[in-house]
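Below is one structure, written out as structure tokens; comments come after it.
The values are calculated or read from the model by the stated rules, or taken from the named source; none is laboratory data. Predicted, not measured: the structure shown is a model, and the values here were computed from it. Reconstructed Cβ throughout: ideal geometry from the backbone, glycine too, with neighbour counts over all protein chains shown.
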Amino acid sequence: MQGFKKGFEATGHNVSFVDVRELSEPTNRVDYVLSYDYGYMVNENAFSTVQKILFVNPNVKLIHYFADNPSLNYAHSGQIDLKEKFFEFCKLHKNNAELVFWDKNFINEFVGINSSFFPICVDCSVYKDYELEQKYDITFLGRPLSDTRQKILSVVVKNFSDKLKSFSYPKHFENSIDGMKRYLNDEEIEKYKNCFCGFVQGQQELSKIYNSSKINLNINLQGENSLNLRTFEVLASKGFLLCDKREDIKTLNLENVLVCYDNEQDLVEKISYYLSYEDERNQIRARARKLVCKHYDIVARASEILNTVE
């Protein structure tokens, strides 16, 4: 959202950047309200303020940019009734509501509401090449939860436990241990625990981890075809990315700036290969940074989201 702010300001818009929990009174005329996922809907005071904005300016555009699966708990702060409440609100304000999705498949979940597709972009002035030594062999950042991720992480632990570093909220890591016991024996569980390096605070620190890793492992969970935000964060940070196959890798012309694995055996072989061939890794990293800065810089593309909903 900070990247959107920079981009809107660069094109001459006046932007108020407010934490949804602090939104209490509309201060002036508003033409657009841009929210991430359900945004102001998760807070009753903020929701009331947006209703006041609608009253003052009936033509205001209420844009909700979804970069999460709209049905997952963390997309709506665990409020299980929020999706239905949001849908009813959008139907009531059909001329104002504009939904923008990172994955085209989600458009069908809100039939009758103006919806469009906008791929994930990243702030390339924050996620960048810090020219750091590649001190980590293999890193995984994110929730080590779900059967999908734990299967892959268990394979990495079995084959490269001394090289893997895992970063996440401590609570998420603790919650993952029981699930990992389905795939790892007691000795391997201890190795898994030793991989944990804590939580990374702030975008710059995230980018530095990506930039200083020989291999950044990404396991997409959300959406059927599209790529999560971490994909673009790693590439913008001039990081080498190894990830699961997704249809949008080809759609978004990313085939030459990352490497995909087909299955568990292929994953092991590719980790071994790219740990050994630094020059090849660095060539891919350089192409990645260049391509993302050219086509997926949120500051440069922010105004497109306004063009999309006009």
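Based on what the data block shows, is Ser154 in contact (Cβ under 8 Å) with a residue 12 or more places away in the chain, of a type in the set (Ser, Thr, Tyr) and touching a Phe, Trp or Tyr at 6+ places or on another chain (Cβ under 6 Å)? Don't jump to the end; show me each part of the working.
Values: in contact (Cβ under 8 Å) with a residue 12 or more places away in the chain: yes; of a type in the set (Ser, Thr, Tyr): yes; touching a Phe, Trp or Tyr at 6+ places or on another chain (Cβ under 6 Å): yes.
In short, yes.
Does Glu255 satisfy being of a type outside the set (Gly, Ala, Ser), under 20 Å from Tyr65 (Cβ atoms) and modelled with pLDDT of 95 or more?
When the stated conditions are applied, Glu255 does not pass them.
Can you name the residue in segment 106-148 that is in a helix (DSSP H, G or I) and out of contact with any helix residue (DSSP H, G or I) (no Cβ under 8 Å at 6 or more places or on another chain) and, of all such residues, is surrounded by the fewest Cβ atoms within 10 Å (Cβ to Cβ)?
Among residues in segment 106-148 that are in a helix (DSSP H, G or I) and out of contact with any helix residue (DSSP H, G or I) (no Cβ under 8 Å at 6 or more places or on another chain), the one surrounded by the fewest Cβ atoms within 10 Å (Cβ to Cβ) is Asn108.
Within segment 169-182, identify whether any single residue is within 20 Å of Asp137 (Cα to Cα), acidic (Asp, Glu), at pLDDT 95 or above and not assigned by TED's automatic domain parsing to the domain that holds Ile107, and answer yes or no.
For segment 169-182, residues within 20 Å of Asp137 (Cα to Cα), acidic (Asp, Glu), at pLDDT 95 or above and not assigned by TED's automatic domain parsing to the domain that holds Ile107: absent.
Take segment 6-53 and flag every residue that is under 25 Å from the mean Cα position of the chain (by Cα), in contact (Cβ under 8 Å) with a residue 12 or more places away in the chain, assigned to a helix (DSSP H, G or I) and surrounded by 14 or more Cβ atoms within 10 Å (Cβ to Cβ).
Lys6, Gly7, Phe8, Val20, Gly39, Tyr40, Met41, Val42, Ala46
Here's a check for you: in segment 65-102, which residue that is over 25 Å from Asn220 (Cβ atoms) and basic (Lys, Arg) is surrounded by the fewest Cβ atoms within 10 Å (Cβ to Cβ)?
Out of the qualifying residues, it is Lys94.
Can you confirm whether Lys245 is surrounded by fewer than 13 Cβ atoms within 10 Å (Cβ to Cβ) and touching a strand residue (DSSP E or B) at 6+ places or on another chain (Cβ under 7 Å)? Full working, then the answer.
Numbers: surrounded by fewer than 13 Cβ atoms within 10 Å (Cβ to Cβ): yes; touching a strand residue (DSSP E or B) at 6+ places or on another chain (Cβ under 7 Å): yes.
In short, yes.
Matching residues to (1) closer than 26 Å to Phe117 by Cβ; (2) surrounded by fewer than 19 Cβ atoms within 10 Å (Cβ to Cβ):
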site: Gln201; (1), (2): no, yes
site: Leu221; (1), (2): yes, yes
site: Thr231; (1), (2): yes, no
site: Val257; (1), (2): yes, no
site: Gln265; (1), (2): no, yes
site: Arg281; (1), (2): no, no
site: Arg301; (1), (2): yes, yes
site: Ile305; (1), (2): yes, no
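Scan (1) at pLDDT 95 or above; (2) in contact with a strand residue (DSSP E or B) (Cβ under 6 Å, 6 or more places away or on another chain); (3) surrounded by fewer than 18 Cβ atoms within 10 Å (Cβ to Cβ) for the single condition Leu62 breaks and write down its number.
(3)
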